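Report on one structure; see the data block that follows.
The values are calculated or read from the model by the stated rules, or taken from the named source; none is laboratory data. Bear in mind the structure is a predicted one, so any value in this text is a computation, not a measurement. Note that we place each Cβ from the backbone using ideal geometry, even for glycine, and neighbour counts take in every protein chain shown.
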Amino acid sequence: MQRPLEIRFHQMASSPAIEARIREKAAELERFFDRITGCRVIVEREHRHHHKGNLFRVRVEIDAPGKELAVTHSGPLDHAHEDVYVAIRDAFNAAVRRLEDHVRERGGKVKAHEVPLHGTVRMVDHEGGFGFIETAEGEVYFHRNSVVEGGFVALEPGSKVRLEVAERESKEGWQATTVRLIGKHHLQDRTG
């Protein structure tokens, strides 16, 4: 990396052990793409009063030639991200997938998705008109206007959705341009 790794902690104290794990994971990123110019990692403790424990959200921002890649990974419904090291592992795994996609795009080998991008609604604020969806690639922000067929009022945490994501990030991070509530059998393989 051309610039030193930046590590920030929000709503929690910094930890040499956590920083060491992040440095280890960031060094591994360069195995997938050796032209990374910079990397920032933000670790945040989410205070959720209606859950037993606190969950961790980890955001990995990677500067690469011609593109800035960002992955936000927050706690899934099973509370695995009550362990900061699990949250770090999952965020960096998603960052590796994003980097691999970037390398394929640069080489003209774009990954074909047989199944449209899908995820689970993590949080929805009906009064504020927005929410967040957890996908395999990370967290995606959505606004009520991006939800088709009047489905915004039906969304709740745990709802399964199909979505399209904007090419560029908004100030909230990756943003969905279209969100569609889906049924349980949307992922069936129709080829055979």
Task: Candidate set: region 64-91, residues that are assigned to a strand (DSSP E or B) and not β-branched (Val, Ile, Thr); chosen: the one modelled with the lowest pLDDT - done: HIS73
Task: Pairs with Cβ under 6 Å, 6+ apart, first in region 51-68 and of a type in the set (Gly, Ala, Ser), second modelled with pLDDT of 85 or more and not in a strand (DSSP E or B) - done: ALA64/ILE36
Open item on the list: So in region 39-63, with the set limited to residues that are part of a strand (DSSP E or B) and modelled with pLDDT under 90, which one is surrounded by the most Cβ atoms within 10 Å (Cβ to Cβ)?
Closed with: PHE56
Task: Residue pairs meeting the criteria (Cβ under 9 Å; at least 6 apart or on separate chains; first more than 14 Å from ASP63 (Cβ to Cβ) and modelled with pLDDT of 95 or more, in region 13-38; second β-branched (Val, Ile, Thr) and in a loop (DSSP other than H, G, I, E, B)) - done: none
Task: Scope region 119-161; condition part of a loop (DSSP other than H, G, I, E, B) and without any contact (Cβ under 8 Å) to a residue 12 or more places away in the chain; matching residues - done: GLU127, GLY128, GLY150
- [ ] Scan region 98-118 and give yes if some residue there is outside any helix (DSSP H, G or I), at pLDDT 90 or above and over 20 Å from ARG57 (Cβ atoms), otherwise no.
- [x] no
